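Colleague: Just dropping this structure here.
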Amino acid sequence: MRELLKKLKIDYLLVNSTNEFLVEYSALSENARYTLTGFSGSTGDALITKDKIYLFVDGRYHIQADMEVKPNIEVVKLELGQKQDDEIKKLLNPLKTLGIVAKKVSQTRLESFKGYKIKLLESDPINNHSETHIVPTIVAFPPKNYEPEKTTFITNLEEVSYLTGYRDFTKDYSSKIWAKMVINGDLILFTDNQACENYLKNYKGELIVDKNTINAYDYALIKKPIHKTSEIKELKSIKSEQEINAYKKAFDATDKAMMAVRKFIETENNISEADIECRLRYEFKKQGAKNLSFKPIIAINKNSALAHYSKNSKNIKLNNGDLVLIDCGAYFESGLATDITRVFVKGEPCELQKHVYTMVLKAFLNCYNSNLDTGFEIDKIAHQILDNNIEGFTFSHGLGHGIGINVHEAPPALNQSDVAKTPIKDNMCFTIEPGLYNPNHFGIRLENSCYKKDGKIHSFVKMGYEGKLINFDLLTDTEKEWLKDFEIL
């Protein structure tokens, strides 16, 4: 690594987890941070210095990072409220040069390093993988009528997919089309990077862009860029009635797939995490799924304490008394991502399993029935119930996220960020997923995808909860009444 820094004439190198489209879930073959560190989580970047390699991960990945990273890499474990780039800057000498790959950082993020010496790199020295992207002919919805006042350049894949109505199910865990677009009265769709670059180089007028989603390389090609926060982000967060109905149909199929997996767990013996994942994929396909919306989490016992566990081992078997957490979702013909988490037990549970499960269920019921205006307020309810409640068990992540073409979108958000202070409007779709985790025991997370209608939260997920895991003595009369909205399995 020291030789690489010397060759590039830099003192530090930021190694990103994303690709040129700045997507959340990039294939590991495109993920330079994975190539460098061996860590497979969806987020978190690395920093190479002359003395050390640092990997930055949030609370969902603390344990997973320790398990996966290559030797001699220091894992920086971010706590709630800590920002990755703030911690990166603490390691930098402003008088020395930080190398940043221009195509793998947003213009906004690049500008946040103002005051530091930056050298923009045209190619990624760790992993220069690239692909040819094509636009398929699959149309999920008619194109949306969006007419900006001035010529606008859009690089966010979800926004391009939303406006065109196109979907592509050829890539794992995605329904997005891989393209950029210009709207100037007409709609110009670029599926070839070189063609797009030539257009930007030759365009002489003002071009509206969102610095939060355009990469620094593309931004530098534009002669007269004007920053404007995307209006499309807000538009696509409020689903049409057609989209809401498509979601209801998709979640009905998701519920059926999960119920079939539950039966498989109850009736089959000597099954592994990998066996359950295989059956899950079969059941989703049987229900008409085009693709999964993310790599499913099948986590037995201690593995369920890893919020984003993804190994799904062939060697870890489900025995009597064991818990298994399943977090999964799929894309059906609409190309909208479903998301659900349930926890099952093989045989009879112990009292600790029942206690933790019931407290998480209690948190869900109170959040679901709160009908508060913002995710910021709803998230606080979950933490009031779960924080410091059971010794050794922590609630280490936000309460929920928006869903749509991508399984994570914002707005809305249910956490303690500024985005979460934005009111949740009718027809916004989001998850409510409280959890409690102890790496020495297990984790419980119960997740329903929901939407707001007439000021009230409704659940797309109709699948109920495990009666044998509920300690009804821990529920209030009101909570027991709320629970009647869901079947006790």
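Colleague: Just one of (1) of a type in the set (Ser, Thr, Tyr); (2) surrounded by fewer than 22 Cβ atoms within 10 Å (Cβ to Cβ); (3) at pLDDT 95 or above trips up Ser396, so point out which.
Modeller: The single condition Ser396 does not satisfy is (3).
Colleague: While we're on this one: Within the stretch 234-264, take every residue that is β-branched (Val, Ile, Thr) and surrounded by fewer than 20 Cβ atoms within 10 Å (Cβ to Cβ) and give me the one that is nearest to Phe460 (Cα to Cα). Before you say what the answer is, go through the steps one by one.
Modeller: Step one: of the stretch 234-264, the residues β-branched (Val, Ile, Thr) are 238, 244, 254, 261.
With surrounded by fewer than 20 Cβ atoms within 10 Å (Cβ to Cβ) added as a condition, the list becomes 238, 244.
On the way: Ile238: 15, Ile244: 9 Å.
Only one residue tops the list, namely Ile244.
Colleague: Is it fair to say Gly335 is surrounded by 21 or more Cβ atoms within 10 Å (Cβ to Cβ) and not charged (D, E, K, R)? I'd like the intermediate steps shown before the answer.
Modeller: Numbers: surrounded by 21 or more Cβ atoms within 10 Å (Cβ to Cβ): yes; not charged (D, E, K, R): yes.
For Gly335, the condition - surrounded by 21 or more Cβ atoms within 10 Å (Cβ to Cβ) and not charged (D, E, K, R) - is met.
Colleague: Turning to a different aspect of this structure: Which of the residues that make up the stretch 66-101 are part of a strand (DSSP E or B), of a type outside the set (A, V, I, L, M) and out of contact with any helix residue (DSSP H, G or I) (no Cβ under 6 Å at 6 or more places or on another chain)? Show your work before the answer.
Modeller: Keep residues of the stretch 66-101 that are part of a strand (DSSP E or B), which gives 73-77, 97-101.
The next check asks that each one be of a type outside the set (A, V, I, L, M); those that pass are 74, 77, 97, 99.
Passing the criteria: Glu74, Thr97.
Colleague: Something else now. Taking the stated definitions as given, is Val135 under 30 Å from Ala195 (Cα atoms), modelled with pLDDT under 95, among the aliphatic types (A, V, I, L, M) and outside the structural domain of Asn303 (by TED's automatic domain parsing)? Outline the logic, then answer.
Modeller: Details: under 30 Å from Ala195 (Cα atoms): yes; modelled with pLDDT under 95: yes; among the aliphatic types (A, V, I, L, M): yes; outside the structural domain of Asn303 (by TED's automatic domain parsing): yes.
Judged against the criteria, Val135 is a match.
Colleague: Do we find that Ile326 is assigned by TED's automatic domain parsing to the domain that holds Pro439, within 18 Å of the chain's Cα centre (by Cα) and closer than 30 Å to Tyr166 by Cβ in this structure? Let's see the steps before the verdict.
Modeller: Values: assigned by TED's automatic domain parsing to the domain that holds Pro439: yes; within 18 Å of the chain's Cα centre (by Cα): yes; closer than 30 Å to Tyr166 by Cβ: no.
In short, no.
Colleague: For the stretch 181-195, enumerate the residues that are at pLDDT 95 or above and touching an Asp or Glu at 6+ places or on another chain (Cβ under 8 Å).
Modeller: Residue satisfying the conditions is Ile183 alone.
Colleague: Go over the candidates Asp45, Asp11 one by one and state the one that is over 23 Å from Leu306 (Cβ atoms), touching a strand residue (DSSP E or B) at 6+ places or on another chain (Cβ under 9 Å), crowded, with 19+ Cβ neighbours inside 10 Å and of a type outside the set (A, V, I, L, M, F, W, C). Spell out the reasoning first.
Modeller: Values: Asp45 fails: over 23 Å from Leu306 (Cβ atoms).
Going through Asp45, Asp11 in turn, just one is over 23 Å from Leu306 (Cβ atoms), touching a strand residue (DSSP E or B) at 6+ places or on another chain (Cβ under 9 Å), crowded, with 19+ Cβ neighbours inside 10 Å and of a type outside the set (A, V, I, L, M, F, W, C): Asp11.
Colleague: May I ask you to list the residues in the stretch 341-359 that are surrounded by fewer than 24 Cβ atoms within 10 Å (Cβ to Cβ) and aliphatic (A, V, I, L, M)?
Modeller: Val345, Leu352, Met359
Colleague: Scan the stretch 159-188 for residues that are among the basic types (Lys, Arg) and either in contact with a Cys (Cβ under 8 Å, 6 or more places away or on another chain) or over 24 Å from Pro411 (Cβ atoms) (or both) and jot them down. Break it down into steps so the answer makes sense when it comes.
Modeller: Here is the first cut: in the stretch 159-188, the ones among the basic types (Lys, Arg) are 167, 171, 176, 180.
The answer is Lys171, Lys180.
Colleague: While we're on this one: Quick one: how many residues across the stretch 383-409 are in contact (Cβ under 8 Å) with a residue 24 or more places away in the chain and within 20 Å of the chain's Cα centre (by Cα)?
Modeller: We begin by selecting, within the stretch 383-409, every residue in contact (Cβ under 8 Å) with a residue 24 or more places away in the chain; these are 385-386, 389-390, 392-397, 399-409.
Narrowing the set further to residues that are within 20 Å of the chain's Cα centre (by Cα) leaves 395-397, 399-409.
Summing the residues that are in contact (Cβ under 8 Å) with a residue 24 or more places away in the chain and within 20 Å of the chain's Cα centre (by Cα) in the stretch 383-409 gives 14.
Colleague: Tell me, which residue of the stretch 269-284 that is charged (D, E, K, R) and touching a helix residue (DSSP H, G or I) at 6+ places or on another chain (Cβ under 6 Å) is nearest to Ala330 (Cα to Cα)?
Modeller: Of the stretch 269-284, the ones charged (D, E, K, R) are 273, 275, 277, 279, 281, 283.
So of that shortlist, the ones also touching a helix residue (DSSP H, G or I) at 6+ places or on another chain (Cβ under 6 Å) come out as 279, 283.
Working: Arg279: 14, Glu283: 11 Å.
Once the filter is applied, the top-ranked residue is Glu283.
Colleague: Given the structure, is Ala27 surrounded by fewer than 21 Cβ atoms within 10 Å (Cβ to Cβ), aliphatic (A, V, I, L, M) and modelled with pLDDT under 95? So that I can check it myself, show each step before the final result.
Modeller: Numbers: surrounded by fewer than 21 Cβ atoms within 10 Å (Cβ to Cβ): yes; aliphatic (A, V, I, L, M): yes; modelled with pLDDT under 95: yes.
Answer is yes for this residue.
Colleague: I would also like to ask the following. Would you kindly identify the strands (runs of 3 or more DSSP E) lying entirely within the stretch 395-457 that contain at least 2 residues that are small (Gly, Ala, Ser) and farther than 13 Å from Ala382 by Cβ? Full working, then the answer.
Modeller: On the way: elements: 400-402, 409-414, 429-432, 435-437, 443-445, 448-453.
Qualifying strands (runs of 3 or more DSSP E): 409-414.
The values are calculated or read from the model by the stated rules, or taken from the named source; none is laboratory data. Since the structure is predicted, the reported quantities are computational estimates derived from the model, not experimental observations. When we count neighbours, we look across all protein chains shown, and the Cβ atoms used for this are built from the backbone with ideal geometry, even at glycine.
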